[in-house]
Every structure is written in C-alpha cells, then in structure tokens.
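To keep things clear, I will list the structure first and then write my remarks on it.
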Amino acid sequence: MESSSSMGIEQPMNTVKKTIYPRGIEHDLISCHCCTLVMRHSATGQFSCPRCHTALTQRKPNSIQYCWAYTLTAIIMYIPANLLPIMTVSYLGDTKSDTIMSGVIYLASHGMWPLALVIFIASVFIPLLKIGALVLLMVSVQKKSLLYKLQRTKLYRMTELVGKWSMVDVFVVALLVALVQFGEIASIQPGVGALAFSVVVIMTMLAAESFDARLIWDAKQ
Amino acid sequence: MNNFLKKPQLTACHECDALQIIPVIQMGWKVNCVNCGHLIMRLPRHGLQSPLAFYLTVLLLLIFANAFPFLSLNIEGRIQQITLFESVLILQQYHMGMLAIVVGFTLIIAPFLEALLVIFIVLSIYFHWHFSWLKKSLKWVGKIQFWSMLDVFLLAVLVSFVKLTDIAEVVVGTALLCFVALVFVYVYSLRSIDFGWLWSHLRQWESNNQ
C-alpha cells in the first residue's frame, strides 16, 4: 500500500518537475551578454567576445551589489517623490500644489474612477511592487534559496516588463506644464516631486537591468 | 538571402543559463527556453523586410509627430499650442533641466536613434556593407531601445486630455494623430526585430570570410 502510494506521488515529480537541463556554467561555456554567442571560456582565454568585443563574464559583474544600490536609491527617493508636489496649479488666482496621491484623490472625487485607477496603478502600485519584487529576488538569491525558481524568474520578467509604465505621471506633468501657460488666468509649474519620481522610475529600471536572473538558477543543494 | 536560420546553433538561455540548441526554424516562428520559457529568438515573418518596413514607417511618423503642433489649448479665446520639443524646452525654463533631459531622451532622442540605427543595421546586413560601425550600433541599439517610452507617453496624453477638458477646450493637433499611429506601429515593430538573429547574420559573414 505504502509503496504504491508513494510511487504515485513520485512518478510525476520525476518525469515532469525534476528535469534538469545542462547549464553553461557547469560545462565551462560562457555566453556573451550582448550577442549571445556561446564559447568555451577557459580554452580560448579571451576576455572579450570575438564577435562583438563585449567584456566576457560568466554572470553580470557585481550584479547583486549594483541591484541593491539602485534599489536603495529608489527606496530613498520614493519618500520625496510622494511628499513633495509634482506640480503647482494656479487657476484664477488660486494656487494649489499637487502630490501624486492628491492627484489620484482629486480624480476619484470628481467621478473619474477609471483614470484615477490607471494613475494609482502606474504611479503608486507599480513602483512599490517593483521595489518589493527586487528586494525579494535579491534576498532569495543571497540566501541561495532553492524554492520557486521558475516563479521567481517569471517575477523578474514581470518586473522588467512593467518598469517604464510608471513614467506616466512624469509625462503628464511635462504635458500639462507645457500646455497650460496662460499667465494669470491659469498656469502650471513643475514641482521637485516629479523629478524625484522620475529618479525612482529610472533607478528601478536600472536595478532590474543589472539583476542577473541566472543567479536564481545557480543555487544548489 | 539569409531569410531563415540556416544552421542549428547552441545557446545558453540568458535568464537561466540552460544549454540548448536552437533548431532550424522558418520565418515567423519563435523559440522559447525549454527550462524557463524565456523568449530566445523570434524570427520576423518577412525576414529582414519586416524590421525595415516597420522602422521606416516609425521614422516617418516620428518626423511628423515632432514637426507639427501636438495639442492646443483654448481658454477664453487665448490659444496655447505646443510641439513635442517645445514641451521639453518649457520644462527647462522652469529650472527642471534634469527632467527635461529625461523626457527629451525617452520621447525624442531614443526613438529617433533607435529607428535610424535599426534601418542602418538592416540595410547593411541586406546589402552586405561591411562598416566598422555596424557591430557597435548593433550593440547599442538594444540599450537605446530599453529607454524609449513612446507607448507610455500615449497613456500620459490620454490622462492629461481628460484632466484638461475640465478647464479648457483641447484641440487635437496633426501631430497627435500621427503619434497615435506611431505608437501602434512602434509596438508592432518591436516584435519584428530580434537582435540575436541579426547577430547570427554577422556570424555567417565571418564564417564565409574565413
């Protein structure tokens, strides 16, 4: 009884899940970061790719350190990005400063729910999600975690894909500032918050770029 | 012509380092990593003509989108009209030079450079022009592509459009129509180009020369 039930559990595990593919690092093969050319590393003794002359390294050099540096900068800049005004609106003598959240609340209170949702997802939710995902990925790589390798790779891919969409708010500020220039009737000025926010977005993009997803798969028992 | 991948080639997935062989595939096919599903190679349906056609359209629409007024705003008879480049300049007037650089690079410089470089690369592969610049531009074009954010800007235009209709009358300029078309073509043109495949063309040249 016991053996047959354990067989029933183990069989799909062996055939479906535990397929282990040969990896470049185990066979002394190195692939160029730029042009994906695969070559035998120790035999050639070359330091740059013969095809595109990019420096040859097994993994992106100091990937985790760079990634932490960018992510920490993004976390620090996230505070002024949300506290400082992204733009100052003067309309018929009234002056009002807008932060990212107050913009979302304004839209929502004026019945523009879909738009408020778009801005909320792009400017608040995605940056936080990205920072969280990057921290999770880096900690799990540093702890040499063996769990959920495929899911973590997919998380990384999503982080990379979604990155640039947070720039929406910065572009909105740029457009509004340029368009609304009517002197005393109405004018919009850019705020420091917009700059801080664009730094957050750029830093998270750089962090995702410098992270090497192969490190996830390098962890061994 | 080199319209498909002629020889199977060894590759190590760039996201999980799994070794595998890309088989001989037809145009319009794509190859995903056996281990992690990362898109390793996607061949455009019409060979080198696809990226060329798409990026020529992108270049043309980019020129139009930058040449004409983008949006204009009408408050009580006073009209404010801007082109894309002016919106960058106005940021600079408010002492937001850094922001102007970010916006200008992601919306104007990067897309233009990307389109020009891709056209240059595809033409020189097609006609076998051996420029020393070819490899460098193929190396840089992917990095530039990473920073071009035309599609994001379309969403930003929509958002500011809705925000402004409260205060004033917004008039859609010629450039905005071009820009909408541009974004759709641009998103498709991203799918029509595969840098790994373009590099494999160069490898064939080198093996022919030796």
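Cβ-Cβ contacts under 8 Å between residues 6 or more apart (or on different chains), taken from a first residue in the range A:135-150 that is assigned to a loop (DSSP other than H, G, I, E, B) to a second residue that is surrounded by fewer than 16 Cβ atoms within 10 Å (Cβ to Cβ), are listed as A:LYS144/A:ALA219; A:LYS144/A:LYS220; A:SER145/A:ALA219; A:LEU146/A:ALA219; A:LEU146/A:LYS220; A:LEU146/A:GLN221.
Among the residues of the range A:134-153, those that are surrounded by fewer than 16 Cβ atoms within 10 Å (Cβ to Cβ) and closer than 16 Å to A:SER210 by Cα comprise A:LEU136, A:VAL139, A:GLN142.
Of all residues assigned to the range B:7-25, at least one qualifies as being over 23 Å from the mean Cα position of the chain (by Cα), touching a residue at least 60 places away in the same chain (Cβ under 8 Å) and farther than 23 Å from B:TRP140 by Cβ.
Considering the range A:30-114, the qualifying helices (runs of 4 or more DSSP H), each wholly inside and each with 2 or more residues that are within 26 Å of the chain's Cα centre (by Cα), in contact (Cβ under 8 Å) with a residue 40 or more places away in the chain and in the same structural domain as A:VAL177 (by TED's automatic domain parsing), run over A:63-83, A:100-109. Restricting the range A:31-64 to residues that are among the β-branched types (Val, Ile, Thr) and more than 8 Å from every other protein chain (Cβ to nearest Cβ) leaves a set whose member that is farthest from B:SER207 (Cα to Cα) is A:ILE64. The single condition among (1) modelled with pLDDT of 90 or more; (2) of a type in the set (Phe, Trp, Tyr); (3) farther than 30 Å from A:GLN189 by Cβ that A:PHE47 does not satisfy is (1).
Out of A:LEU215, A:LEU146, one residue alone is modelled with pLDDT under 90 and either over 15 Å from A:ALA81 (Cβ atoms) or outside the structural domain of A:LEU129 (by TED's automatic domain parsing) (or both). It is A:LEU146. The helices (runs of 4 or more DSSP H) located wholly in the range B:144-210 that include 2 or more residues which are surrounded by fewer than 21 Cβ atoms within 10 Å (Cβ to Cβ), outside the structural domain of B:VAL103 (by TED's automatic domain parsing) and touching a residue at least 60 places away in the same chain (Cβ under 8 Å) occupy B:195-209. Within the range A:22-56, track down each residue that is under 27 Å from B:PHE131 (Cα atoms), surrounded by fewer than 18 Cβ atoms within 10 Å (Cβ to Cβ) and hydroxyl-bearing (Ser, Thr, Tyr). Once the filter is applied, which keeps residues that are under 27 Å from B:PHE131 (Cα atoms), surrounded by fewer than 18 Cβ atoms within 10 Å (Cβ to Cβ) and hydroxyl-bearing (Ser, Thr, Tyr), the range A:22-56 yields A:THR44, A:SER48, A:THR54.
The values are calculated or read from the model by the stated rules, or taken from the named source; none is laboratory data. No experiment lies behind these values; they were computed from the predicted model shown. Counting neighbours? That spans all protein chains shown, and the Cβs are built from the backbone with ideal geometry, glycine included.
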